[in-house]
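These notes concern the structure reproduced below.
No lab work stands behind these numbers, since they all come straight from the coordinates. The structure displayed is predicted, hence computed values, not measured ones. Cβ sites come from the backbone with ideal geometry, for glycine too, and all protein chains shown count toward neighbours.
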Amino acid sequence: MQTLRLTADPDGIARAAALLAQGNLVAFPTETVYGLGADATNGIAVAGIFAAKGRPDFNPLIVHVATRAAARTLAQWSDAADRLVTACWPGPLTLVLPMAKGSALSPLVTAGLPTVAIRMPRHPTALALLRAVGRPIAAPSANPSGRISPTAARHVLAGLSGRIAAVLDDGPCAVGVESTIVGLADRPRLLRPGGLPADALEQALGETLAPTTVDSSAIDISAPGQLASHYAPVAPVRLDALSAGPGESHLGFGAVPGDLSLSTSGDLHEAAANLFDHLHRLDALAKPIAVAPIPDTGLGHAINDRLRRAAAPRP
Ligand code: TXA
Ligand code: MG
């Protein structure tokens, strides 16, 4: 299959929407990373996502919607959910909620779990596409399973060209790390740090988020974004490196220059936006990657989470 590269103008968005409605896979930009979309009510289309990514089928997908009203039809809503989406939607926040009874979603989307992950992105092209399709769209990050997430159309094509119908190209993603995932099935839990720092969410909720251990054997949900080795480049990764060792490339931050810097001024937003692109670039050099220390505050939590997974022993 020849993968189309569509421009994110009204024509391109209409073509992408028509392809999705016909059950095809289309990658599209969000403010976090590019997603690989399929009609979440079409089981064959959703199965195509797992095949294209080579994704283990126990790993559930995030459902993307254009409106809060659409989200409410898919899940059992709560006051906590209301408080969070009032403050944070559209934006880089995914909620995991008990699924609504009689939902039209393919059971493949939730991998058989009684909960569903829902997000309303704020990227104008993503919202226009979701409105044009008029159905919930299941979309994991548009990368082969276990590899670096894509923050540009060229990253999507490098990993999935020939396996998906199209990519809707709207340039680089502004946030650069995936959405923060909060579970509301029991008490509010931080399931994955991401593009919205946890303190902003705790403020909206009026309570603290319970942490989730990386050791997912301790929890009853299966969220493979929590598997230790995820978001991994092909090259080995070494963290907290003030300088490169022999044969290594070096990813810098702030006062540590490196071969490429996440942010020379030490800005965590800029670093998040550059993270996956710079990992893709250094990975192409086929050398081990040393990474400068990143402060563990604000967006630094999400950046360090992704870096730890990139550096974790591979299965
Ligand atoms: O920013 C993002 O969230 C991007 C863009 C495309 O929206 N999407 C994304 O999807 O990162 P993905 O599939 O790469 O990561 C989704 C994570 C996985 O770790 C999955 O296990 C978890 O969400 N997840 C999905 N449904 C869940 C559920 N019902 N309960 C717990 N975790 C769930
Ligand atoms: Mg992913």
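How many of the residues in segment 171-191 are within 13 Å of ligand 1 (Cβ to nearest atom), assigned to a loop (DSSP other than H, G, I, E, B) and within 26 Å of residue 268 (Cα to Cα)?
Number of matching residues: 7.
Hey, does segment 3-21 have a residue that's within 26 Å of residue 195 (Cα to Cα), touching a residue at least 40 places away in the same chain (Cβ under 8 Å) and within 16 Å of ligand 2 (Cβ to nearest atom)? No, segment 3-21 contains no residue that is within 26 Å of residue 195 (Cα to Cα), touching a residue at least 40 places away in the same chain (Cβ under 8 Å) and within 16 Å of ligand 2 (Cβ to nearest atom).
On the stretch given as segment 108-117, residues that are crowded, with 21+ Cβ neighbours inside 10 Å and more than 9 Å from ligand 1 (Cβ to nearest atom) total 1. Restricting to segment 102-136, name every residue that is of a type outside the set (Gly, Ala, Ser) and either within 16 Å of ligand 2 (Cβ to nearest atom) or more than 19 Å from residue 168 (Cα to Cα) (or both). Those that are of a type outside the set (Gly, Ala, Ser) and either within 16 Å of ligand 2 (Cβ to nearest atom) or more than 19 Å from residue 168 (Cα to Cα) (or both): 105, 107, 108, 109, 110, 113, 114, 115, 116, 118, 119, 121. Working only within segment 137-181, note down all residues that are more than 10 Å from ligand 2 (Cβ to nearest atom) and hydroxyl-bearing (Ser, Thr, Tyr). Across segment 137-181, the qualifying residues are 151, 161, 179, 180.
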